[in-house]
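One structure is given here, and the rest of the page talks about it.
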Amino acid sequence: MATPAMQLSVSRTKYAVAPILMQVLLGMLYSWSVFRVPLAKAYGWSNVQTNAPFSYSILALVAGTLLGGLWQDRVGPRLVASVGGVLICLGWLLSALFGHTGVTVHLFGVNSGISIGPATVLILTYGCIVGLGTGFGYVAPIATLVKWFPDKRGMMVGLAVMGIGVSPLIFAPFIEFLIGKDPARYASTIPSTFMVIAFICLIGVVGAAQFCKAPPAGWKPAGWEPSTRSAASGEQRGPGAMLATWQFYVLWVVYLLGASVGLTAISQVAPLLAVTIPKADLLISVAAWVGVVAVFNGVGRLAWGSVSDKLGRVRTMLVMGLCAAIACGAVVRGATNVWQLVAGLSLGVFAFGGYLALMPSVTADYYGPKHVGANYGLVFTAFGVSGFFVPPYFAGIVDKAKAAGNIAAGYNQVYLILAGMALVAAVLVLALRPPREPAAI
């Protein structure tokens, strides 16, 4: 006769499939680049204007992850993920209605004379509302998987975040199809595309959210026993107790450094190849190479997560840091060979994917799964700081080098710095060990 633990072990599969599918839908946030050229052509917007909504969406994503994590630890992941889906739908819908016209503010029915331009509207609707909802949706499935699969944390979280990583491969072509290729129609096809995405997210994200449910208290998979060195063996530390440990700050800095390498590489794939490699030597289009690199980004999340379940989190992060440093070194050499550059960029984002898979797992390992939503939300702020500040800083270095007539030197400087950051991350990882002293919840 099957024990209750065995019965739950079998039924937990449904708590894995829906959250992973949800993450694929949430990854549409990262397909924003598809809108940039049509927006520029339709409304005459600058690169800064078309990029701004995405920059703010990263900040809102981090805020949503933190707030959603705190909330889901109290009310459970289902409600938080459902609210996230509604917010995402609302943000895309408002983008469709006002992202091309702007808004005039009325106070008590009287025109205030205050107008919000279309570019600012998209910062508020897509950037803030969609980003916030995505954060709510992002943290709930991760918290669900961490609790249902303590025996396979790395692999399951890796599967979930891989969904976000590969999402643009699925939805970018779909969005391009909806927008079309006729610039004369962009003013109408862009809002209609926003509308389609809104309803896809409402149905898909809210529907999948209904399967985000935490296991019963005290549940564990049949035949699995937690490590005595892990917080999962009994001790559950809340955010306050986590902040009192030095391990949190080491994890935060390692995450910041690792994310900086990956986010910078992702943002520079197309321009670096376009500037460095003659068009005749590209073999395939720059867009196709971007897709190749994106595959490594997605696969890295699953691969490193699975490896960490067997090799251990610290050893795996050490290898990831060394791989990232080697990858940056391949780019620093200033090669004009497309294979070397793509190999370096692919290896860099492959290592980057591991940080997104391992950090939720390490957080649960060190501080227990009970408060993983709030705890990982705090750790995830490192990703937000990196995404908002680091790539623009390095873009400034490249711009200065371009103005001086030697853009290749600018890219070399950027990846030399990134190689050093990756090595620092690898060294810091060696200091990590689970917190030993008990702490109040």
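Here, each number is a calculation from the coordinates, and none is a lab measurement. No experiment lies behind these values; they were computed from the predicted model shown. Because the Cβ atoms are built from the backbone with ideal geometry, glycine has one as well, and the counts that use them run over all protein chains shown.
Which ³J(HN,Hα) values, rounded to whole Hz and listed in residue order, are derived for region 72-87 from phi using the Karplus coefficients 6.51, -1.76 and 1.60 in 6.51 cos²θ - 1.76 cosθ + 1.60 with θ = phi - 60°, glycine and proline given as x?
5, 5, 9, 10, x, x, 4, 5, 4, 5, 5, 4, x, x, 5, 5
Residue farthest toward the positive end of the dipole of region 229-436, with Cβ of Lys/Arg at +1 and Asp/Glu at -1: which of His371, Ala357, Gly384?
His371
Residue by residue through region 385-396, what is 3J(HN,Hα) from phi via Karplus (6.51 cos²θ - 1.76 cosθ + 1.60, θ = phi - 60°)? Round to whole Hz and write x for glycine and proline.
Those phi angles translate into 4, 4, x, 7, 9, 6, x, x, 4, 5, 4, x Hz.
Could you give the alpha-carbon Rg of region 13-214 over 2.2 N^0.38 Å, rounded to two decimals?
1.06
Taking the beta-carbon count within 10 Å as an exposure proxy, list Trp32, Trp246, Trp252, Trp148 from fewest neighbours to most.
Trp246, Trp252, Trp32, Trp148
Projecting each Cα onto the charge dipole of the chain (Lys/Arg +1, Asp/Glu -1 at the beta carbon, about the Cα centre), which of Leu93, Asn51, Thr65 comes out farthest on the positive side?
Value computed over the given set: Thr65.
Residues with amide H under 5 Å of Ile116's amide H, sequence separation 5 or more or different chain, H placed in the peptide plane at 1.01 Å from N; which?
Val103, Thr104, Val105
As a footprinting exposure proxy, order Phe352, Phe388, Phe296 by other Cβ within 10 Å, with the fewest listed first.
Fewest-to-most ranking of Phe352, Phe388, Phe296: Phe388, Phe296, Phe352.
If the only charges are +1 at each Lys and Arg Cβ and -1 at each Asp and Glu Cβ, what is the size of the charge dipole of region 266-391 around the Cα centre, to the nearest 20 debye?
140 debye
Select from Lys213, Lys14, Lys370 the residue whose mean-square fluctuation is largest in a Gaussian network model of the chain (Cα-Cα springs shorter than 10 Å).
Top of the fluctuation ranking is Lys14.
Averaging the inverse of every distinct alpha carbon separation and then flipping it gives the Kirkwood radius. What is it for region 255-408, in angstrom units?
Roughly 16.4 Å, rounded to one decimal.
Exactly which trypsin sites (Lys or Arg not before Pro) in region 28-77 are in a DSSP loop and have at most 10 other Cβ atoms within 10 Å?
When the trypsin sites (Lys or Arg not before Pro) of region 28-77 are filtered for loop state and at most 10 Cβ neighbours within 10 Å, nothing remains.
Could you sort the peptides 402-409, 58-65, 134-141 by per-residue average Cβ neighbour count (10 Å cutoff), highest mean leading?
Listed from highest to lowest mean packing, they are 134-141, 58-65, 402-409.
With equal scatterers on the alpha carbons only and no solvent term, can you work out the Debye log10 of I(q)/I(0) for region 319-426 at 0.13, 0.18 1/Å?
Treating every Cα as an identical point scatterer, log10 I(q)/I(0) equals -0.57, -0.94.
Once you charge only the Cβ atoms, +1 for Lys and Arg and -1 for Asp and Glu, what is the size of the charge dipole of the chain about its Cα centre, to the nearest 20 debye?
Here the size comes out at about 440 debye.
Can you compute 3J(HN,Hα) from phi for each residue in region 48-57, using the Karplus curve 6.51 cos²θ - 1.76 cosθ + 1.60 with θ = phi - 60°, rounded to whole Hz and x for Gly and Pro?
5, 5, 6, 8, 4, x, 5, 4, 6, 5
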